[in-house]
Amino acid sequence: MKKFLLFSLSLGAVALLPSCKMKTAETAVSGDAASKVYVAPGKYDEFYNFVSGGFNGQVSVYGLPSGRLLKIIPVFSVFPENGYGYSEETKAMLNTTAGLIPWDDQHHLTLSQTNGEQDGRWLFANANNTPRVARIDLTTFKTVEILQLPNSAGNHSSPYLTENTEYVVAGTRFAVPIGEQQDVPISSFKENFKSTVSFISVDKNSGRMNVAFQVVLPGMDLDLSRAGKGPSHGWFFFSTYNTEQANTLLEVNASEKDKDFIVAINWQKAEAYAKAGKGKKMKVQYAHNVFHEEEQSATSTTETEVIVLDPNELKDIVYMIPCPKSPHGCDVDPSGEYIVGSGKLAALIPVFSYQKIIKAIDAKDFEGDYQGIPVLKYNTVLHGEVQKPGLGPLHTEFDANGNAYTSMFLSSEIVKWNVKSLEVLDRAPTYYSIGHLCVPGGDTKKPWGKYVIAYNKITKDRYLPTGPELAQSAQLYDISGEKMKLLLDFPTVGEPHYAQAIAADMIKDKSVKIYDINKNKHPYVAMGEKNAKVVRKGNRVDIYMTAIRSHLNPDNIEGVYVGDEVYFHVTNLEQDWDVPHGFAIKNNPNAELLIMPGETVTLKFVPEKAGIYPYYCTDFCSALHQEMQGYLRVSPKGSNVPLKFGTGEMKAVAANQ
């Protein structure tokens with residue numbers, strides 16, 4: 001009890017820290033900061049900054065150095081702004097084996113890489129709550145694939161990549177029972193709960209994902225991870241906590257040990273075992289959702305099997321590296337030689353040497369095992385420790401000059417230190433309670449450098465008050481010189497966790513401007529106004545509608561009855577950049593559509609009352625935008641009102657339709 005009280009008091013003292021405004025908060029910005037972040041009208045930013053949305057389930061895109069919000073990409077949550085998750089074409093993207101899940105908690109992002117460098121093709125995002133990984137196409141900034149993960153709960157250590165995007169790797173935060181018998185007492189955690197790491201293969205041409213195999217581990221919490229690179233290519237490193245295997249009051253019971261572990265997995269050897277049939281095939285069910293660009297529609301299929309590898313049977317694929325204390329971040333420097341563990345409760349930062357790790361494994365220089373997995377000796381594999389770096393180290397990124405930047409949650413600062421000498425070189429305050437940070441390309445072989453961005457959990461007095469809930473913030477620092485310089489604060493959307501940034505030139509010139517309507521293979525496309533029509537099949541009514549400045553065709557429809565399932569298939573006939581059209585109809589308990597040039601998108605409407613229902617374009621598109629509207633007449637069920645439609649002149653639909 002005494003230990004619990006001391007721990008609670010220490011947390012209480014920490015909680016008070018952010019509420020005290022730092023005396024230098026108003027003077028921390030350097031005198032030339034405004035000129036360094038100013039982007040003139042009509043000019044582009046240097047970098048795209050992709051920022052996780054946390055509890056909003058989406059990805060936000062900002063320009064750097066301006067901090068301007070450019071776009072919100074819907075990923076794991078429905079998005080009424082453009083109809084994602086509401087349109088018939090995108091509902092399948094949110095399908096899972098538990099049904100359609102309209103929300104998730106999106107924490108981490110990783111840009112695709114080739115030879116350890118960003119290539120600007122895809123962005124991968126994790127769903128923490130219902131375990132999934134998404135792939136976003138960076139030519140369209142659209143989510144094109146979502147893969148559910150079996151045998152997983154709390155997909156937190158995800159989605160991190162090998163250096164040629166061979167695999168997206170995802171580790172479980174919550175250990176859970178796996179296999180057929182999952183109804184077990186919670187108190188049987190040590191006996192029945194397991195952690196897993198999923199290795200998701202990525203097709204190098206299409207990007208299509210597939211769960212290639214999983215590695216099953218003892219029950220514990222896998223927090224964050226990074227792939228090896230260069231000499232350490234072929235390995236993956238994961239931070240862990242709760243190696244005590246507590247199942248209640250984790251703030252105390254999962255913090256008893258002085259050291260937890262970095263888990264080192266030889267994924268190339270695991271891959272070889274899986275291909276050689278050394279794994280076990282487990283019956284599972286998980287959803288695989290793909291958006292097909294030509295058909296402009298998503299499909300969802302259910303996968304039923306996964307290969308599982310057990311390190312207690314395959315003795316040379318997993319090793320444990322002791323790491324103080326409750327490590328959160330696990331980061332690999334650009335050379336691939338140094339692995340940094342950031343213990344949330346540690347007063348130092350340990351840095352491990354890949355060469356020493358391999359030497360110790362080859363010599364079988366172990367201090368014992370953890371549930372059958374060899375444990376390396378801390379001092380044997382240690383490169384050294386950064387002494388007194390700050391309080392609450394969380395995450396580390398790197399520049400191209402041999403320096404590391406670590407976020408300090410409790411002392412609200414970024415600490416710069418040299419990877420080889422372990423010397424602290426600089427520290428800069430953040431406002432307040434920094435979580436993740438990002439150096440452009442800071443997880444790759446060749447960081448872009450120039451900036452570090454802090455993503456802060458508490459803003460307090462940084463922005464105008466907006467009630468009890470305040471915007472979370474990002475802060476941009478110049479790291480081009482010896483000392484870090486704060487340049488800019490900007491508010492963020494949702495709750496940012498990790499983010500990545502890439503040079504704009506890697507993406508902007510590949511950006512799709514329109515969809516070629518001649519390649520539109522949507523089954524309900526209307527290829528021109530002459531193809532607009534209305535078709536009834538039983539109580540289903542399909543409306544093949546076109547949108548072009550400044551009218552909808554048809555704009556008058558009659559002969560629809562209460563209870564009919566009405567599908568508005570709206571094709572945007574425009575072939576000009578940045579001319580989307582919207583569509584909405586009165587009283588629809590759904591959302592609007594936002595249809596890009598050349599696209600066809602479908603909105604379902606089931607009228608419950610007879611009457612006249614106006615519909616209109618929701619996206620301002622021309623001087624006559626207000627005139628872009630129409631009317632749907634809904635009659636009582638059983639009426640003899642004939643089905644007809646038109647724009648200017650009504651056309652009757654043949655009775656046999």
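The values are calculated or read from the model by the stated rules, or taken from the named source; none is laboratory data. Keep in mind it's a predicted model, so treat the numbers as computed, not measured. Glycine gets a Cβ as well: all are built from the backbone with ideal geometry, and neighbour counts include every protein chain shown.
Residue pairs whose Cβ atoms lie under 7 Å apart, separated by 6 or more positions or on different chains, with the first residue in region 248-272 and assigned to a helix (DSSP H, G or I) and the second at pLDDT below 95 and of a type outside the set (Lys, Arg), are Glu251/Phe7; Val252/Phe4; Val252/Phe7. Do we have Thr380 as out of contact with any Lys or Arg (no Cβ under 6 Å at 6 or more places or on another chain), assigned by TED's automatic domain parsing to the domain that holds Ser232 and without any contact (Cβ under 8 Å) to a residue 40 or more places away in the chain here? Criteria met by Thr380. Count of region 373-426 residues, restricted to those that are outside any strand (DSSP E or B) and of a type outside the set (Val, Ile, Thr), is 20.
Among residues of region 495-512 that are in contact (Cβ under 8 Å) with a residue 40 or more places away in the chain, those with a Cβ under 8 angstrom from a residue that is of a type in the set (Asp, Glu), sequence gap 6+ or separate chain, pair up as Gln500/Asp443; Ala503/Glu46; Ala504/Asp45; Ala504/Glu46; Met506/Asp119. Out of curiosity, is Ser66 over 29 Å from Lys204 (Cβ atoms) and polar (S, T, N, Q)? Against the criterion (over 29 Å from Lys204 (Cβ atoms) and polar (S, T, N, Q)), Ser66 qualifies.
Tell me yes or no: at least one residue of region 285-294 is of a type in the set (S, T, N, Q), more than 24 Å from Ser188 (Cα to Cα) and buried (at least 23 other Cβ atoms within 10 Å of the Cβ). There is at least one residue in region 285-294 that is of a type in the set (S, T, N, Q), more than 24 Å from Ser188 (Cα to Cα) and buried (at least 23 other Cβ atoms within 10 Å of the Cβ). Restricting to region 529-554, name every residue that is in contact with a strand residue (DSSP E or B) (Cβ under 7 Å, 6 or more places away or on another chain) and of a type in the set (Gly, Ala, Ser). Hits for region 529-554 are Ala532, Ala547. Just one residue in the set Ala212, Ala246 is small (Gly, Ala, Ser) and under 24 Å from the mean Cα position of the chain (by Cα); that residue is Ala212.
Across region 50-75, which residue is surrounded by the fewest Cβ atoms within 10 Å (Cβ to Cβ) among those that are assigned to a strand (DSSP E or B) and in contact with a His (Cβ under 9 Å, 6 or more places away or on another chain)? Spell out how you get there, then give the answer.
At the first step, the residues of region 50-75 found to be assigned to a strand (DSSP E or B) are 50-52, 54, 59-64, 69-73.
Still in the running and in contact with a His (Cβ under 9 Å, 6 or more places away or on another chain): 51-52, 54.
Details: Val51: 28, Ser52: 28, Gly54: 21.
Result: Gly54.
Residues considered: Val381, Val351. Of these, the only one that is out of contact with any helix residue (DSSP H, G or I) (no Cβ under 6 Å at 6 or more places or on another chain) and surrounded by 22 or more Cβ atoms within 10 Å (Cβ to Cβ) is Val351.
Condition check ((1) of a type in the set (A, V, I, L, M, F, W, C); (2) surrounded by fewer than 22 Cβ atoms within 10 Å (Cβ to Cβ)) across all residues:
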{"residue": "Glu423", "(1), (2)": "no, yes"}
{"residue": "Pro429", "(1), (2)": "no, yes"}
{"residue": "Leu437", "(1), (2)": "yes, no"}
{"residue": "Asp443", "(1), (2)": "no, no"}
{"residue": "Val452", "(1), (2)": "yes, no"}
{"residue": "Tyr455", "(1), (2)": "no, no"}
{"residue": "Ala471", "(1), (2)": "yes, yes"}
{"residue": "Leu476", "(1), (2)": "yes, no"}
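Confirm whether Pro597 is at pLDDT 95 or above, in a loop (DSSP other than H, G, I, E, B) and either in contact with a strand residue (DSSP E or B) (Cβ under 9 Å, 6 or more places away or on another chain) or farther than 21 Å from Arg536 by Cα (or both). Here the answer is yes, as Pro597 does meet what is asked. In this structure, His581 does satisfy being in contact (Cβ under 8 Å) with a residue 12 or more places away in the chain and under 30 Å from Gly53 (Cα atoms). Candidates are the residues of region 122-155 that are in contact (Cβ under 8 Å) with a residue 60 or more places away in the chain and hydroxyl-bearing (Ser, Thr, Tyr); the one that is surrounded by the most Cβ atoms within 10 Å (Cβ to Cβ) is Thr143.
So for region 387-401 (the condition being within 18 Å of Phe237 (Cβ to Cβ) and either touching a helix residue (DSSP H, G or I) at 6+ places or on another chain (Cβ under 9 Å) or of a type in the set (Gly, Ala, Ser) (or both)), does at least one residue qualify?
Keep residues of region 387-401 that are within 18 Å of Phe237 (Cβ to Cβ), which gives 393-398.
Subset that is either touching a helix residue (DSSP H, G or I) at 6+ places or on another chain (Cβ under 9 Å) or of a type in the set (Gly, Ala, Ser) (or both): none.
No, every residue in region 387-401 fails to be within 18 Å of Phe237 (Cβ to Cβ) and either touching a helix residue (DSSP H, G or I) at 6+ places or on another chain (Cβ under 9 Å) or of a type in the set (Gly, Ala, Ser) (or both).
Residue-wise test of (1) aromatic (Phe, Trp, Tyr); (2) under 18 Å from the mean Cα position of the chain (by Cα).
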position: Phe141; (1), (2): yes, yes
position: Glu145; (1), (2): no, yes
position: Gln148; (1), (2): no, yes
position: Ser152; (1), (2): no, yes
position: Asn155; (1), (2): no, yes
position: Ser158; (1), (2): no, yes
position: Leu161; (1), (2): no, yes
position: Ala170; (1), (2): no, yes
position: Gly179; (1), (2): no, no
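Comparison of Glu367, Glu313 shows that the only residue that is among the charged types (D, E, K, R), in a loop (DSSP other than H, G, I, E, B) and more than 27 Å from the chain's Cα centre (by Cα) is Glu313. In contact (Cβ under 8 Å) with a residue 40 or more places away in the chain, in a loop (DSSP other than H, G, I, E, B) and under 30 Å from Tyr48 (Cα atoms) - does that describe any residue in region 530-552? Within region 530-552, none of the residues are in contact (Cβ under 8 Å) with a residue 40 or more places away in the chain, in a loop (DSSP other than H, G, I, E, B) and under 30 Å from Tyr48 (Cα atoms).
Tell me which residues, restricted to region 194-240, are among the small types (Gly, Ala, Ser) and within 19 Å of Gly329 (Cβ to Cβ). Within region 194-240, Ser195, Ser225, Ala227, Gly228, Ser232, Ser239 qualify.
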